[in-house]
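The values are calculated or read from the model by the stated rules, or taken from the named source; none is laboratory data. As the structure is a computational prediction, the values presented were derived from the model and not from experiment. Cβ atoms come from the backbone with ideal geometry, glycine included; neighbour counts cover every protein chain shown.
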Amino acid sequence: MKQKVEIQRLGGYLKEVITFLDDSGKPIGSVVNPLMVELKPRDVAQIFVGSFLVAAPLCFTEEVWKLSEELPLLNTYYLILCSFVTVVCFVYFNFYRNKLRGNVINFIKRIIAVYTITTTSVCLMLFLINKLPFDQFPFVSFKRVIMIAFPSVFGGLITDSLK
């Protein structure tokens, strides 16, 4: 059985259409898979909701507040590095594997969007509960945001991968 793979825009979204052909070349069936290489407003909303769901309970815990005061700055940078490597791998393997050629800009945009949306949602939540003392203690605020954003970014990624 032969197959033909095409990328088409259906309903405003890119889709991968796999058409199965018989021995004479006539189509006998097809499968349509979402091709998630573009960042749409729906994706932005999903990332925000997913990261907010994980960040909200963590923002209210006193343990996180105290740990952010005690955690060495070097460890905070290790958290950023670990998170970045994991996010890049997750985005690549779930969205862009075998589709990176021609979509490098979208790949980078999705990674930047995930981090920007996640840190924004964490900052918003900490600001709303008055636990973002950026003017008095900028390093504590930075560490607090990074500590909460670390698991929140994965919540954003998981909800972004749901279609």
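Tabulated data for the structure shown
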{"item": "Some residue of region 7-23 being in contact with a Phe, Trp or Tyr (Cβ under 6 Å, 6 or more places away or on another chain), assigned to a loop (DSSP other than H, G, I, E, B) and under 19 Å from LYS163 (Cα atoms)", "result": "no"}
{"item": "Qualifying residue in region 43-51 (condition: closer than 27 Å to LEU100 by Cβ, modelled with pLDDT of 85 or more and of a type in the set (D, E, K, R))", "result": "yes"}
{"item": "Contacts under 6 angstrom Cβ, first residue in region 20-39 being surrounded by 11 or more Cβ atoms within 10 Å (Cβ to Cβ), partner among the small types (Gly, Ala, Ser) and in a strand (DSSP E or B), 6 or more apart", "result": "PHE20/GLY29"}
{"item": "Condition check for LYS26: among the basic types (Lys, Arg) and not assigned by TED's automatic domain parsing to the domain that holds LEU157", "result": "yes"}
{"item": "Residue check, THR76 over 23 Å from VAL44 (Cα atoms), among the hydroxyl-bearing types (Ser, Thr, Tyr) and in contact (Cβ under 8 Å) with a residue 60 or more places away in the chain", "result": "yes"}
{"item": "Subset of region 77-113 that is more than 15 Å from LEU39 (Cβ to Cβ) and polar (S, T, N, Q) - its residue that is surrounded by the most Cβ atoms within 10 Å (Cβ to Cβ)", "result": "SER83"}
{"item": "Helices (runs of 4 or more DSSP H) lying entirely in region 63-163 (those with 1 or more residues that are among the acidic types (Asp, Glu))", "result": "138-161"}
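Condition check ((1) within 30 Å of LYS15 (Cα to Cα); (2) touching a Gly at 6+ places or on another chain (Cβ under 8 Å); (3) surrounded by 15 or more Cβ atoms within 10 Å (Cβ to Cβ)) across all residues:
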{"residue": "PRO57", "(1), (2), (3)": "no, no, no"}
{"residue": "LYS66", "(1), (2), (3)": "no, no, no"}
{"residue": "THR118", "(1), (2), (3)": "yes, yes, yes"}
{"residue": "CYS123", "(1), (2), (3)": "no, no, yes"}
{"residue": "GLY155", "(1), (2), (3)": "yes, yes, yes"}
{"residue": "LEU162", "(1), (2), (3)": "yes, no, no"}
